Amino acid sequence: LEGGAIDYLTKPIDDEILINRVKAYLRLIEGERAINLQLDSLNKQLQQEVEQRKLAELSLKLLNQELERRVEDRTRELQNTNTALETSLDTLKLAQEQLIQSEKMAALGGLVAGMSHEISTPIGIGVTASSHLEEQTRTLKRVFEAGQMTKSELARYFDSALEAASIISRNLQRASEQIQGFKHVAVDQASGEKRRFNLNAYLNDILLSLHPKLRKTKHVVTIHCPEYLELDSYPGAFSQIFTNLIMNSLIHGFEGREQGVITCDVSLNAQHVKM
């Protein structure tokens, strides 16, 4: 046993003991063989599972690579789409700014046309009065130089001169007020800046700018607004809103009617203005 034997027989050898020992070791050999076969089968099964796992890992790796490629492609597509959208947005913003400028210029064009039409009347009256005064002065000068001027003629000249000067002054003042009102409305429409203004006077300035359109109709526009009411706001927005309301009323509100009344009521309620 110390030499490495697993069993031994003593002499004299007993045949029956020998046969039983041989049978026992044969059973052990058969058992080991069965175990080895089972182990071989398990090893093969494990190898198959390992191969299958390797194939699964390879497939998963390929799938991950495909997913990464798709993600990269999708990311590039999204980046390109975002770039295109940003470009489109910039283009739209530019177009919007150009459209706003075009609308402002169109509004200013109509305003200038209305202003030139409105101030032509007082200026024309002033020019007529000035020409009449000039003619009267030349006539008086000729009479004076001829030594034929009488006191009554001088008095008539003074009356005529004072009347002409009064007409010229009134109409120049009227033209100046109209130009000032048009100027405020035009600047506010173009700039859109915030400032302090009297709402009643400003609404009347806007109404004055709409006079060329209103005079073509028999409609009457009346404004009821406290004269003291001042706002620190955006007059350009008021101009746009008020103009749109008046024009929409003229176009749609009086359809089929020759004469009507548009009334704008403005009241103050705490810190709010109601129009």
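The values are calculated or read from the model by the stated rules, or taken from the named source; none is laboratory data. All of these numbers come straight from a predicted model, not from anything done at the bench. For neighbour counting, all protein chains shown are included, and Cβ atoms are generated from backbone atoms with ideal geometry for every residue, glycine included. Calculation scope for accessible area: heavy atoms of the full protein, side chains included, ligands and nucleic acids excluded. Shrake-Rupley method; radii C 1.70, N 1.55, O 1.52, S 1.80 Å.
Considering region 137-151, the residues that are assigned to a helix (DSSP H, G or I) and open to solvent by 60 Å² or more (accessible area, probe 1.4 Å) include one that is farthest from Leu208 (Cα to Cα), namely Glu145.
Among the residues of region 197-212, none qualifies, meaning not one is out of contact with any helix residue (DSSP H, G or I) (no Cβ under 8 Å at 6 or more places or on another chain) and either farther than 27 Å from Thr121 by Cβ or part of a loop (DSSP other than H, G, I, E, B) (or both). Within region 9-27, residues that are in a helix (DSSP H, G or I) sit with their Cβ atoms under 9 Å from residues that are of a type in the set (A, V, I, L, M, F, W, C) and surrounded by 10 or more Cβ atoms within 10 Å (Cβ to Cβ), at 6+ positions apart or across chains, in these pairs: Ile17/Leu9; Leu18/Leu9; Arg21/Leu9.
Inside region 221-272, residues that are in contact with a strand residue (DSSP E or B) (Cβ under 8 Å, 6 or more places away or on another chain), among the β-branched types (Val, Ile, Thr) and modelled with pLDDT under 90 make up a count of 1. Among the residues of region 155-178, those that are modelled with pLDDT under 75 and open to solvent by 40 Å² or more (accessible area, probe 1.4 Å) comprise Arg174, Glu177.
Could you check region 210-267 and list, in sequence order, the residues that are of a type in the set (A, V, I, L, M), open to solvent by 50 Å² or more (accessible area, probe 1.4 Å) and closer than 24 Å to Lys194 by Cα?
Ile241, Leu245
Do any residues in region 256-275 that are touching a residue at least 60 places away in the same chain (Cβ under 8 Å) and within 15 Å of Leu231 (Cβ to Cβ) have Cβ atoms under 6 Å from those of residues that are open to solvent by 90 Å² or more (accessible area, probe 1.4 Å) and assigned to a loop (DSSP other than H, G, I, E, B), where the two are at least six apart or on different chains, and which pairs are they? As it stands, the answer is Val266/Met275, since those pairs meet every condition given.
Matching residues to (1) open to solvent by less than 100 Å² (accessible area, probe 1.4 Å); (2) assigned to a helix (DSSP H, G or I); (3) among the aliphatic types (A, V, I, L, M):
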site: Leu55; (1), (2), (3): no, yes, yes
site: Lys61; (1), (2), (3): no, yes, no
site: Glu66; (1), (2), (3): yes, yes, no
site: Arg69; (1), (2), (3): no, yes, no
site: Arg74; (1), (2), (3): no, yes, no
site: Leu78; (1), (2), (3): yes, yes, yes
site: Thr83; (1), (2), (3): yes, yes, no
site: Thr91; (1), (2), (3): yes, yes, no
site: Glu97; (1), (2), (3): no, yes, no
